[in-house]
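A quick write-up on the structure given underneath.
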Amino acid sequence: MKIAFLNTYDNSGGAAIACLRLVEAIAASAHEVKMHVREKTIANPHIVDVNPGWQKYPGFFRYALDKLYFLPFEVSKDIRFHFSQANIGKDISQLKSIQEADVIHLHWINHGFLSLKNIEKLVALGKPMVWTLHDKWLFTGGCHITRDCYNYEDACGNCSYLKKPSPTDLSHKVWQNKKALLENSNIHFVTCSNWLKNLALESSLLKNKPVTRIPNPLDTDLYKPLPRKAVRQQLGLPEKEFLVLFVSANIASPFKGFKYLVEAFEMIKKEQPELFTKMKLVVVGRDKNNWITSLDFPVIYLGEISNPADLIPVYNACDILAAPSIEDNLPNTVMESLACGVPVVGFETGGIPEMVDHLENGFIAPQKDVRALMEGMAWVFNLKNNNMLSKKARLKVMENYRYGVIAERYLELYRGLGVKKGI
């Protein structure tokens with residue numbers, strides 16, 4: 001079976017990492033896979049650069065033009081990358097690897113990679129098509145994160161991301177373009193979490209479409225428990241403190257909830273000073289606003305870690321991962337932490353409670369409930385049998401997310417769409 005995967009990036013962002021892992025998982029099942037990206041940045045034989053050589057410059061120009069087109073509409077620069085209209089991209093329908101594919105499998109395709117018109121041309125090839133959603137973009141009028149807006153259940157419009165919201169604003173026009181595309185296509189949609197699946201089925205664009213939930217895969221031979229004492233020594237981390245890990249590409253992202261974790265630590269400092277002296281917060285991610293230095297308690301800041309595999313010793317060095325996101329799909333960090341046998345304390349957000357079983361392999365707090373988040377960290381700290389918690393964390397991933405399990409679920413989906421080659 002030949003599968004053509006399509007994703008804007010090859011190693012940047014959660015969707016790219018998830019897509020590349022799926023490529024590796026299905027390749028391990030002896031199928032021919034190609035991951036088509038806007039610009040190849042890592043050495044991998046499965047990745048196809050659709051803008052090789054000098055073509056990378058027009059490719060980047062399309063991305064810049066895509067963002068430039070949105071400038072007159074945006075309400076502020078803070079939301080510039082939270083809205084995509086997908087009216088600029090590259091036609092790749094005639095590439096040999098696309099023409100020869102038995103299945104075309106789309107993932108995250110924004111930032112000037114594929115336009116809606118480009119996708120129409122892929123649909124016109126008449127091949128079985130699958131589209132894995134990594135956020136809400138496909139069923140909204142352009143936003144990736146809807147915040148508290150549910151206009152996508154109707155026809156979008158009156159968009160808070162836009163300078164001049166109205167019933168017929170840019171979001172409504174993008175919604176209309178998507179409606180035209182989806183009405184004339186035969187695409188099977190996949191979400192990584194039940195949370196996103198339910199939202200998709202409540203949307204006006206996907207409510208009558210086939211939507212299947214299949215989680216992201218993880219290489220459990222790579223992400224696995226390591227001796228804690230050894231990795232702490234390797235990383236120069238304190239050996240005796242209770243280490244709480246927070247990981248985000250951008251610490252300042254309001255959707256990752258770092259401020260709630262800070263408030264929880266401040267609450268522990270005030271109400272449980274003896275516990276506070278035994279805990280340390282470890283942070284990984286970009287801190288362009290120098291938020292870390294403004295905190296009134298010490299933090300171990302490890303900076304940015306671009307290679308996901310380099311996080312493995314960091315997970316293993318810590319006692320828990322804090323996941324205080326207020327909007328998230330199926331965070332890779334949560335799955336990676338569990339695979340390393342490190343329990344997770346997080347909010348009841350998106351797909352997090354699908355991975356974290358409350359009081360079994362972690363602790364789930366009501367969203368934005370700082371006190372409950374604090375109590376969750378204290379619960380793990382005071383637990384007498386942390387080994388059992390760690391074993392259940394690892395087992396959850398082994399049974400539900402390892403490469404072989406997820407690859408077979410996707411292959412079964414492809415077969416159900418009529419693909420018979422190489423099965």
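The values are calculated or read from the model by the stated rules, or taken from the named source; none is laboratory data. Model, not experiment: these values are computed from the prediction. Note: ideal-geometry Cβ built from the backbone for every residue, glycine included; neighbour counts use all protein chains shown.
Restricting Leu321, Leu302, Leu338 to residues that are surrounded by 17 or more Cβ atoms within 10 Å (Cβ to Cβ), among the hydrophobic types (A, V, I, L, M, F, W, C) and under 30 Å from Cys149 (Cβ atoms) narrows the list to Leu321. Residues that are in contact with a helix residue (DSSP H, G or I) (Cβ under 8 Å, 6 or more places away or on another chain), among the basic types (Lys, Arg) and without any contact (Cβ under 8 Å) to a residue 12 or more places away in the chain are absent from region 262-283. When the test is whether a residue is in contact (Cβ under 8 Å) with a residue 60 or more places away in the chain, within 27 Å of Thr220 (Cβ to Cβ) and of a type in the set (Gly, Ala, Ser), Gly376 does not pass it.
Residues in region 5-40 that are over 20 Å from Lys96 (Cβ atoms), outside any loop (DSSP other than H, G, I, E, B) and out of contact with any helix residue (DSSP H, G or I) (no Cβ under 6 Å at 6 or more places or on another chain): Ala15, Ala16, Ala18, Cys19, Leu20, Arg21, Leu22, Glu24. I need the full set of residues from region 274-317 which are of a type in the set (A, V, I, L, M) and assigned to a helix (DSSP H, G or I), in order please. Correct list: Leu275, Ile292, Ala309, Leu311, Ile312, Val314, Ala317. Restrict the check to region 47-65 and report whether at least one residue is within 30 Å of Leu413 (Cα to Cα), out of contact with any strand residue (DSSP E or B) (no Cβ under 9 Å at 6 or more places or on another chain) and in a loop (DSSP other than H, G, I, E, B). No, region 47-65 has no match at all.
Hey, among Leu122, Leu116, which residue is surrounded by fewer than 19 Cβ atoms within 10 Å (Cβ to Cβ) and assigned by TED's automatic domain parsing to the domain that holds Thr191?
Of Leu122, Leu116, the one residue that is surrounded by fewer than 19 Cβ atoms within 10 Å (Cβ to Cβ) and assigned by TED's automatic domain parsing to the domain that holds Thr191 is Leu116.
For Ile326, the criteria (1) crowded, with 22+ Cβ neighbours inside 10 Å; (2) of a type in the set (A, V, I, L, M, F, W, C); (3) under 26 Å from Phe265 (Cβ atoms) hold in every case but one, which is (1). From the list Thr132, Thr146, which one is polar (S, T, N, Q), assigned to a loop (DSSP other than H, G, I, E, B) and either crowded, with 22+ Cβ neighbours inside 10 Å or touching a helix residue (DSSP H, G or I) at 6+ places or on another chain (Cβ under 7 Å) (or both)? Testing whether each residue is polar (S, T, N, Q), assigned to a loop (DSSP other than H, G, I, E, B) and either crowded, with 22+ Cβ neighbours inside 10 Å or touching a helix residue (DSSP H, G or I) at 6+ places or on another chain (Cβ under 7 Å) (or both) leaves just Thr146.
Out of Leu162, Leu122, report the one residue that is modelled with pLDDT of 95 or more and aliphatic (A, V, I, L, M). Spell out the reasoning first.
Details: Leu162 fails: modelled with pLDDT of 95 or more.
After applying the criteria, what remains is Leu122.
Determine whether region 233-247 contains at least one residue that is at pLDDT below 90, under 24 Å from Met335 (Cβ atoms) and in the same structural domain as Lys396 (by TED's automatic domain parsing).
Scanning region 233-247, I find no residue that is at pLDDT below 90, under 24 Å from Met335 (Cβ atoms) and in the same structural domain as Lys396 (by TED's automatic domain parsing), so the answer is no.
Residues in region 74-126 that are acidic (Asp, Glu), outside any helix (DSSP H, G or I) and in contact with a helix residue (DSSP H, G or I) (Cβ under 9 Å, 6 or more places away or on another chain): 3 in all.
Considering region 248-287, the residues that are hydroxyl-bearing (Ser, Thr, Tyr) and at pLDDT 90 or above include one that is surrounded by the fewest Cβ atoms within 10 Å (Cβ to Cβ), namely Thr277. So which residues in region 149-163 are touching a residue at least 40 places away in the same chain (Cβ under 8 Å) and either surrounded by fewer than 22 Cβ atoms within 10 Å (Cβ to Cβ) or not in a loop (DSSP other than H, G, I, E, B) (or both), if there are any at all? Residues satisfying the conditions are Tyr152, Glu153, Asp154, Ala155, Ser160, Leu162, Lys163. Cβ separations smaller than 8 Å between residues 6+ apart or across chains give the following pairs from region 295-309 residues that are touching a residue at least 40 places away in the same chain (Cβ under 8 Å) and assigned by TED's automatic domain parsing to the domain that holds Lys278 to residues that are of a type in the set (S, T, N, Q) and not in a loop (DSSP other than H, G, I, E, B): Pro308/Asn332.
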